[in-house]
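Working notes, structure below.
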Amino acid sequence: MAKGVNIFKLETLNKFIQKLPRQENLLFINLFPTDQYPSDTIRWMVEYGSVGMTPFVAPGSPAPNVGDEQFYSEGSAVAAYWKEKTFLDEVILNNLREPLTEQTYYTAEKQIARKIQRLRARCDRRKEWMISQMLFNHSFSYQIKGGTKFTVNYNVPSQNKQSLSGNDYWQRSNGVKGSTATPIKDVFAFRKEYVDELGREPEYCVITSDMLTYWMFDTALQDLLKKSAFGEGDLFTNPQGVFSKLLGLGNLIVYDEFFDIASWTTGNITGGSSTTVTVEEITDFVPGPCRVYNMSEMFTYETAEITAVNYATNTLSFADAITNSYSSGKCRIALRKKFAADDKLMFFSKSVEGETIAEFMEAPFGLNRNWGMYGDTKTEWDPDGLWMRIQNKGLPVMYWPNAVMTFKVFETESGSP
């Protein structure tokens with residue numbers, strides 16, 4: 001630990017981390033509660049129950065058992081663990097001890113605060129990613145002890161994850177509306193299916209701006225708006241409010257927050273011929289549009305399309321050869337993804353019968369049995385400096401899988417690098 005620097009004392013560091021404001025732009029970690037679980041094997045009760053009533057009985061007779069036991073089951077999974085660190089070199093650390101220059105001290109302190117804030121933000125986004133995967137894809141995979149990949153499945157009923165097909169898609173892979181697509185009719189049908197399943201209207205509908213833009217320029221919806229009290233002016237000044245009321249979508253949320261999946265390349269890239277690239281960290285990469293950054297120059301990149309990911313060899317395959325040449329360690333591949341799916345509508349209610357449908361369970365880790373985001377430090381002697389690390393462990397759990405319903409309406413997920 002850097003001697004004489006209070007911020008690196010574990011108690012001070014962790015108090016500072018906890019006082020940092022949670023990112024208000026992340027939807028799901030702010031919507032669902034967090035609780036602590038006593039072990040890293042997390043178990044939770046899954047409820048598919050109906051909205052029943054207590055039966056009449058004759059006075060003096062015994063009370064019957066609740067009649068929906070058959071709707072209960074148990075979910076179980078090993079908690080996911082994630083961590084990251086950053087290095088503080090001797091220049092920054094020595095500036096913290098500078099006795100004469102207040103400005104130098106302030107600048108160094110700001111640098112460290114920004115590094116801690118960045119670590120916390122990245123840690124929060126991993127938690128947000130897990131919850132969004134649970135809601136939109138109903139499962140996700142992660143590494144557990146021994147490097148084994150584990151997949152947690154939230155047992156969302158098949159009727160709650162639907163997809164259009166063929167020309168019924170609102171948007172085909174070529175960007176054109178399907179010849180038999182009926183967006184208005186479909187939305188009302190989706191709402192009815194949700195009500196029939198849960199016995200209530202969905203509390204939230206989550207889409208991205210891609211979906212909102214599609215609605216704004218869909219001719220059938222525009223024709224409907226001309227006959228309504230909203231009119232075209234309201235459509236373009238307040239599209240979210242217009243569609244929420246017009247289609248009966250309750251709390252319509254347009255959620256475009258994104259994250260970057262990025263890694264350094266580990267070999268030279270030959271411009272015009274390299275269609276396969278090896279990267280340091282491949283875990284989260286998926287096919288899609290990406291940016292190839294030249295890290296020797298500020299804000300310089302080219303775009304490319306990842307067509308395949310080989311997790312065994314840490315290689316990415318591209319549709320076309322990378323245009324420019326890059327030296328090993330001077331290039332970074334970044335794939336930008338949204339937490340919400342561009343190709344789906346997602347309906348859900350935050351609670352059912354007074355019980356929240358999901359929460360995030362924190363699991364203990366470390367010799368001191370820490371719960372939640374935890375920071376620590378370690379001194380490095382060559383080169384001189386200090387490693388600062390943030391860790392967390394836990395898993396989102398879903399108690400009411402039938403309170404979530406997704407509808408895939410675009411043939412392919414849209415996106416841009």
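We did not get these values from a lab; they are worked out from the coordinates using the rules stated. Predicted model only: the values in this text are computed from it and were never measured. Heads up, the Cβs are rebuilt from the backbone with ideal geometry, glycines too, and the neighbour counts pull from every protein chain shown.
Can you pull the one-decimal nm distance between simple spin-label points at residue 240 and residue 323, each 7 Å off the Cα toward Cβ?
Placing both labels 7 Å beyond Cα along the Cβ direction yields 3.5 nm.
Can you work out D for the stretch 258-338 in µm² s⁻¹ from Stokes-Einstein, where Rh is the Kirkwood radius over C-alpha pairs, the temperature is 37 °C and the viscosity is 0.692 mPa s?
267 µm²/s
Between residue 196 and residue 216, what is the spin-label point distance in nm, taking each point 7 Å from the Cα along the Cα→C-beta axis?
3.4 nm
Efficiency by 1/(1 + (r/R0)^6): what FRET value for residue 117 and residue 251, r their Cβ-Cβ distance, R0 = 30 Å, to the nearest 0.05?
Given R0 = 30 Å and the Cβ-Cβ separation, E is 0.50.
Check each of the GluC sites (Glu not before Pro) in the stretch 241-298 and keep only those in coil by DSSP with at most 14 other C-beta atoms within 10 angstrom; list them in order.
Passing sites in the stretch 241-298 are 280, 281, 297.
Using Cβ contacts closer than 10 Å as the measure, can you line up 335, 252 from fewest to most?
252, 335
Of the listed peptides 258-271, 339-352, 311-324, what is their order by residue-averaged count of other C-beta atoms within 10 Å, with the highest listed first? It would help to have the intermediate numbers written out before the result.
Working: 258-271: 16.6, 339-352: 20.8, 311-324: 14.5.
Final packing ranking: 339-352, 258-271, 311-324.
Give me the extension gain from residue 76 to residue 151: residue separation times 0.36 nm, minus the current Cα-Cα distance, reported in nm with one decimal.
The span from residue 76 to residue 151 would gain 25.9 nm if fully extended.
For labels at residue 179 and residue 65 in the simple 7 Å Cα→Cβ model, what's the distance in nm?
Taking the simple label geometry, residue 179 and residue 65 are separated by 5.7 nm.
Only sites in a loop by DSSP and with at most 14 other Cβ atoms within 10 Å count here; which GluC sites (Glu not before Pro) in the stretch 319-417 make the cut? Provide the component values of the computation, followed by the final result.
Working: sites: 353, 355, 359, 362, 380, 411, 413; in loops: 353, 411, 413.
Here the GluC sites (Glu not before Pro) that fit, given the DSSP loop and packing criteria, are 353.
Which length gain, in nm to one decimal place, applies between residue 368 and residue 299 when the Cα-Cα distance is subtracted from 0.36 nm times their residue separation?
20.6 nm
I need 333, 42, 184 ordered by Cβ neighbour count within 10 Å, fewest first.
In order of increasing Cβ crowding within 10 Å: 184, 42, 333.
So how much slack lies between residue 278 and residue 159, counting 0.36 nm per residue of separation and subtracting their Cα-Cα distance, in nm? Write down the numbers at each step before the final one.
Details: separation 119, 0.36 × 119 = 42.84 nm, distance 4.02 nm.
Extending this stretch completely gives an extra 38.8 nm.
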